[in-house]
């Protein structure tokens, strides 16, 4: 009877032992499962952090971008400033015959050196340009300076300086003179070839002409007339008309 009971109980004990092993296996499985996700989660998190860090490093690129953008505008502004400065320097003096004649016609009405605006422009075209800073010498710049002063301060003093003959101020120191011209003319152009009433008339008409240079052989200048008055010594019929007040198509505006 006891042996039969033992045989009956033994399977129960074995079953309980088996159940215990199954529970342990379940626990180990659960533990393994828990460990594996934790490890993978850590790996994922690390990977994500690394990716985030890498992305953060890439965001430094925009810093380079602004530097480039900043450089470009600076270059453009410099170029614009230079252009503005070149344009102001070039036009600030208004060194043109139009500017000179426009002021002269209005400011020097009592000094009738020109019949009209076009006559002024034509005469002005013979002069060396010079610079806006000129206050003496045979230049447009000198005449423009004095006519500008004449328009605001003293026309009686400055209009003669602004005239074609320069009145001893806007003239070259080595320029031919009316005294030289009239002396040569009366020596070589006599009788019907002499177109002046007398030497005083010659000096008066000559005082309105642009002196020019002693090298002139053409143009409405004292120098041109002096040249032809000189060579009239050998051919007065040809050269005295050129040396006269009208210039005979040679000593005239070209």
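Nothing in this text is a laboratory measurement; each read-out follows from the coordinates by a stated rule. Given the structure is predicted, the values throughout are model-derived calculations rather than measurements. Cβ coordinates were reconstructed from backbone atoms using ideal geometry, including for glycine residues, and neighbour counts include every protein chain displayed.
Looking only at the range 159-196, which residues are surrounded by fewer than 19 Cβ atoms within 10 Å (Cβ to Cβ), touching a helix residue (DSSP H, G or I) at 6+ places or on another chain (Cβ under 9 Å) and assigned to a helix (DSSP H, G or I)?
Those that are surrounded by fewer than 19 Cβ atoms within 10 Å (Cβ to Cβ), touching a helix residue (DSSP H, G or I) at 6+ places or on another chain (Cβ under 9 Å) and assigned to a helix (DSSP H, G or I): 167, 168, 179, 180, 183, 186, 187, 193.
In the range 224-253, how many are surrounded by 15 or more Cβ atoms within 10 Å (Cβ to Cβ), in a helix (DSSP H, G or I) and within 43 Å of the chain's Cα centre (by Cα)?
Residues meeting the conditions: 5.
What single numbered condition from (1) part of a loop (DSSP other than H, G, I, E, B); (2) more than 20 Å from residue 253 (Cα to Cα) fails to hold for residue 156?
Just one mismatch for residue 156, condition (1).
Of (1) touching a residue at least 12 places away in the same chain (Cβ under 8 Å); (2) part of a helix (DSSP H, G or I); (3) under 35 Å from the mean Cα position of the chain (by Cα), residue 136 satisfies all except one. Which?
Of everything listed in (1) touching a residue at least 12 places away in the same chain (Cβ under 8 Å); (2) part of a helix (DSSP H, G or I); (3) under 35 Å from the mean Cα position of the chain (by Cα), residue 136 misses just condition (2).
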